[in-house]
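Only the coordinates and a few stated rules stand behind these numbers; no lab work does. What you are looking at is a predicted structure, and each value in this text was computed from that prediction instead of being measured. Positions of Cβ are backbone-derived with ideal geometry, glycine not excepted, and every protein chain shown enters the neighbour counts.
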Ligand SMILES: *Cc1c(COP(=O)(O)O)cnc(C)c1O
């Protein structure tokens, strides 16, 4: 492909004149891995096509929402019908009630839920609510967990920020983050120390239970159990950010995975996004009735949105939740993901490349490293040179993984055994070149 014929390159150059960096979300710019971002022209099932009409097996799925694959007929039908009824009303609809009921049925730790339009908005609102409900200011988060780009959370955040090597974003005054504590993920001693020092002032602890914004790192069961105990002891709200894991790692989301290991385990609040919109802008936060009743118009914590509970987005979300609720959906998805991760691991071993991977349901990650990292600092010591070469080798062979080593990957119901076999075969070829 020459510059004269490469439509991706032409579009990227054109985009850079009118959009900062040529993209509307930083990781799409390929800054971590170099090269030209692929401009997507269309997608169907487990595949998308770029501006040169090259086909890729898609392991991003819009960073999670497309769990059914692109263009699922039941979802397309629901969206088409909704569009004909109207795009947006700014007044309540029955479908919002239906979606809220569907979410609460699947995630019983929540008594009530509020619908919003992005994960950022949901996380920011959940924290405001936690502060309003407890009358406290301090919040606790973990390095490498991403909870959206609200000012108070841009403290050594993972994901996009890490690419540019900044621990925090410019434009966020120090006073705005002075109440945000950032601890190491999976570090029980630090957690205990932080609560001993600040527990009485702590409004909430927010965590990605299985962190997908530092590739794929699970919170250990003892760490999760201790966090739950400390939040209860000190009266801080335990917030699960399940924007990525929600309805993806299991039908009951990551909290159901931890409830299997810790009897009776529940977070106090949950933040949702990605899958619940099925690819439309939709997110949510919810929790116990006592906390949620602090929210306007019932209580003094303000939160609002012109497009919140949008009728087309809720139709898309409802149809998606309906499909993934069918018996055996997540079991089949989980088996496929495991097949891919173990196939890639075997191929790397055969090529003598240090490599390991992990998965839960339709979420997975892999590292050029000899063991699974337990925190962000370790993730960032894994072999980035090998990752980048691998990424481009796979891209050339028509397999699209996340363009940064600190991002997770996503399996969808539309991926076939043939897609997975082709991916493993391509990986085996690329491993030999590393
Ligand atoms: C994607 C993500 C967010 C932010 O959601 P947006 O819809 O991009 O604002 C928040 N938390 C987690 C865990 C995420 O993966």
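Using only the C-alpha atoms of segment 309-370, find the volume of their convex hull and express it per residue in Å³.
Convex hull of Cα atoms, per residue: 95 Å³.
What number do you get for segment 78-226 when its Cα radius of gyration is normalised by 2.2 N^0.38 Å, N = residues?
Against the compact-globule rule of thumb, the ratio is 1.22.
If r is the Cβ-Cβ distance from residue 44 to residue 4 and R0 is 35 Å, what FRET efficiency results, to the nearest 0.05?
So the FRET efficiency works out to roughly 0.75.
Tell me the angle of helix 7-18 to the major Cα principal axis of the chain, expressed in degrees between 0 and 90 and rounded to the nearest ten.
40
Full-extension gain between residue 169 and residue 190, please, as 0.36 nm times their residue separation minus the C-alpha to C-alpha distance.
Going from the current span to full extension adds 5.1 nm.
Cα extents of segment 199-327 along the three principal axes, largest first, in whole Å?
42, 39, 27
So what's the projected area for segment 73-324, the Cα convex hull averaged over all directions, in nm²?
With every direction weighted equally, the projected area is 13.4 nm².
Expressed as a rounded percentage, what relative contact order does the chain have, with Cα pairs under 8 Å and six or more residues apart?
Across the chain, relative contact order equals 22 percent.
For residue 220 paired with residue 97, estimate the spin-label separation in nm (one decimal), with each label point 7 Å from Cα along the Cα-to-Cβ line.
4.8
Could you compute the FRET efficiency for residue 13 and residue 389, with r as their C-beta to C-beta distance and R0 at 25 Å, rounded to 0.05?
FRET efficiency, residue 13 to residue 389: 0.50.
Once you've got the GNM for the chain with C-alpha springs shorter than 10 Å, pick whichever of 85, 143, 331 has the biggest mean-square fluctuation.
So, out of 85, 143, 331, the one fluctuating most is 85.
May I ask you to work out the translational diffusion coefficient for segment 364-434 at 25 °C, viscosity 0.890 mPa s, via Stokes-Einstein with Rh from the Kirkwood sum over Cα pairs, reported in whole µm²/s?
189
Let me know the Kirkwood hydrodynamic radius for segment 258-393, please, with Cα pairs as the basis and the value in Å to one decimal.
For segment 258-393, inverting the mean 1/r across all distinct Cα pairs yields 18.8 Å.
Express as a percent, rounded to the nearest 5, the fraction of DSSP beta bridges in the chain (both residues included) that run antiparallel.
60
More than 17 angstrom separation, counting every C-alpha pair in segment 37-162; what % is that?
74
Using a Förster radius of 35 Å, what is the FRET efficiency between residue 335 and residue 105 based on their Cβ-Cβ separation? Nearest 0.05, please.
The value I calculate is 0.90.
Once the Cα gyration tensor of the chain is found, what semi-axes does its equivalent ellipsoid get, as square roots of 5 times the eigenvalues, in whole Å, sorted largest first?
One finds semi-axes of 33, 26, 22 Å for the chain.
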